[in-house]
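For reference, the structure discussed in these notes is given below.
The values are calculated or read from the model by the stated rules, or taken from the named source; none is laboratory data. Because the structure is predicted, anything quoted here is derived from the model rather than measured. As a convention, Cβ positions derive from the backbone with ideal geometry for all residues, glycine included, and neighbour counts pool all protein chains shown. The area values use the complete protein model at the heavy-atom level, side chains included, leaving out ligands, DNA and RNA. Shrake-Rupley method; radii C 1.70, N 1.55, O 1.52, S 1.80 Å.
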Amino acid sequence: MKTIISKIDNRQLNNDVIKKAGNILQEGGLVAFPTETVYGLGADALNENAAKKIYAAKGRPSDNPLIIHITSMGALEKIVSHIPAAARIVAKKYWPGPLTMIFNKSGIVPYGTTGGLDTVAVRMPSHEIACAVIEAGGGYIAAPSANTSGRPSPTRAEHVEADLKGKIDMIVDGGPVEIGVESTILDMSLTPPMILRPGAVTKEMLEELLGEVAVDAALFDEDSKKAPKAPGMKYRHYAPKAKLCVVEGDEAAVVKEINRITDESMREGKKVGIIGTQETVGNYLNGVVKCIGTRQDEATIANHLYAVLREFDEENVDCILSEAFSESGIGDAVMNRLLKAAGYHIIQV
Ligand code: AMP
Ligand code: MG
């Protein structure tokens, strides 16, 4: 299949690129487009055959349900059986934005989109290009991250191209995304509402609105006997090719330990990648050192996480050593993704 790749910016949303993307979606094809979180791989969510193509292109397990992207509360009413009052409060504050909510689905949503579940995940993104593509495509667009399953999520069009060129109809290239980690998932079909995946809208932000908010226990414990409530969270997602290890502790001790392991591994003939921050990169003596952002602003770390993991894949390092990051604010989402990518391999110093 030939993949059309079209660049576009926010100031030219009424153009042929959006029209083309809309036509492809309405005909049951696949279009990747930027959102504020990561690039999404879009298909018409109400067309079971179109949704199935997403699973084939990504190599995604068929029990892993898709998030439906909409642009209005009117659209929400059509795809869910009931909107709880609490969900309206959350939507008012955080939609459009990096938050997905789970509801009981209505009859028009096919089981091919929800992985066989009676619930449906819905998000209203804020990214202007995403909104234009969703509307042109009919208003109900299933859009998981536009990567091959198991690879880091794409934060630039080039990442989508590397994974999916030749397998999808079109890539709308709107440049790098703003946030860089996937949306928070909040299950509104449970009481109290439960966070199934941390993201830019944090537990503290939701508690302020809703009072009590639960967190899926499977998120903290890799050995949990309970399966995570978001089926996708059970897979070893976000995995770089090299073995990744996270080193946690006092800053100076972490640098010392990473330098020690690097030297030891290099003596064994290994190529070592190091993930440091603006505050520390100057202190690493050997290895391939990358700066992921600054500890002064956790959002910079979220923004570069997946791109850095992909760069190490391209450079064929044998192992990657990463500093641990603060778990406050969006740091919670960063550490959730980083530890999953590391298979929960942590060294405490
Ligand atoms: P992605 O689109 O790649 O960000 O993945 C979507 C995530 O949402 C996966 O972890 C899914 O398991 C989760 N998800 C989608 N629909 C549901 C649902 N109805 N119930 C629970 N989790 C869901
Ligand atoms: Mg994904």
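Run down Ile179, Ile129 and say which single residue is in a helix (DSSP H, G or I) and touching a residue at least 40 places away in the same chain (Cβ under 8 Å).
After ruling out the rest, the residue left standing is Ile129.
Here is a yes/no grid of residues against (1) more than 16 Å from ligand 2 (Cβ to nearest atom); (2) of a type outside the set (Lys, Arg); (3) open to solvent by 30 Å² or more (accessible area, probe 1.4 Å); (4) under 21 Å from Tyr55 (Cα atoms):
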{"position": "Thr114", "(1), (2), (3), (4)": "no, yes, no, yes"}
{"position": "Ile129", "(1), (2), (3), (4)": "yes, yes, no, no"}
{"position": "Thr148", "(1), (2), (3), (4)": "no, yes, yes, yes"}
{"position": "Ala157", "(1), (2), (3), (4)": "yes, yes, no, yes"}
{"position": "Asp163", "(1), (2), (3), (4)": "no, yes, no, yes"}
{"position": "Glu178", "(1), (2), (3), (4)": "yes, yes, yes, no"}
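Answer yes or no: is there a residue in segment 312-327 that is open to solvent by 30 Å² or more (accessible area, probe 1.4 Å), touching a strand residue (DSSP E or B) at 6+ places or on another chain (Cβ under 8 Å) and over 24 Å from Ser145 (Cβ atoms).
Checked against the condition, which is being open to solvent by 30 Å² or more (accessible area, probe 1.4 Å), touching a strand residue (DSSP E or B) at 6+ places or on another chain (Cβ under 8 Å) and over 24 Å from Ser145 (Cβ atoms), segment 312-327 yields at least one hit.
Within segment 207-230, is even one residue part of a strand (DSSP E or B), within 16 Å of ligand 1 (Cβ to nearest atom) and surrounded by fewer than 21 Cβ atoms within 10 Å (Cβ to Cβ)?
Scanning segment 207-230 turns up at least one residue that is part of a strand (DSSP E or B), within 16 Å of ligand 1 (Cβ to nearest atom) and surrounded by fewer than 21 Cβ atoms within 10 Å (Cβ to Cβ).
In this structure, does Asn104 turn out to be over 21 Å from Ser145 (Cβ atoms), within 11 Å of ligand 1 (Cβ to nearest atom), out of contact with any Leu (no Cβ under 9 Å at 6 or more places or on another chain) and of a type outside the set (D, E, K, R)?
Taking the combined requirement at face value, the residue satisfies it.
How many residues are among the small types (Gly, Ala, Ser) and over 15 Å from the mean Cα position of the chain (by Cα) when one looks only at segment 156-182?
Of the residues in segment 156-182, 4 are among the small types (Gly, Ala, Ser) and over 15 Å from the mean Cα position of the chain (by Cα).
Please go through segment 180-208 and pick out each residue that is within 16 Å of ligand 2 (Cβ to nearest atom) and among the polar types (S, T, N, Q).
Scanning segment 180-208 gives Ser183, Thr184.
Tell me whether segment 336-344 contains one or more residues that are modelled with pLDDT of 95 or more and of a type in the set (Gly, Ala, Ser).
no
In this structure, is Ile24 more than 27 Å from Leu186 (Cα to Cα) and of a type in the set (Val, Ile, Thr)?
yes
Find the strands (runs of 3 or more DSSP E) located wholly in segment 29-97 whose residues include 3 or more that are within 15 Å of ligand 1 (Cβ to nearest atom) and small (Gly, Ala, Ser), and list them.
40-44
List pairs: first residue in segment 141-154 and under 26 Å from Asn23 (Cα atoms), second residue near ligand 1 (Cβ under 7 Å from one of its atoms) and among the acidic types (Asp, Glu) anywhere in the structure, Cβ distance under 8 angstrom, at least six positions apart or on different chains.
Final answer for the pair search is Ser145/Glu182; Ser153/Glu182.
If you go through segment 9-27 one residue at a time, do you hit one that is open to solvent by less than 20 Å² (accessible area, probe 1.4 Å) and assigned to a strand (DSSP E or B)?
No, there is no match, as no residue in segment 9-27 is open to solvent by less than 20 Å² (accessible area, probe 1.4 Å) and assigned to a strand (DSSP E or B).
Considering segment 290-311 alone, what residues qualify as being assigned to a loop (DSSP other than H, G, I, E, B) and open to solvent by 40 Å² or more (accessible area, probe 1.4 Å)?
Passing the criteria: Arg295, Gln296.
Return yes when Arg88 is open to solvent by 20 Å² or more (accessible area, probe 1.4 Å), modelled with pLDDT of 95 or more and closer than 22 Å to Val213 by Cα and no when it is not.
For Arg88, the condition - open to solvent by 20 Å² or more (accessible area, probe 1.4 Å), modelled with pLDDT of 95 or more and closer than 22 Å to Val213 by Cα - is met.
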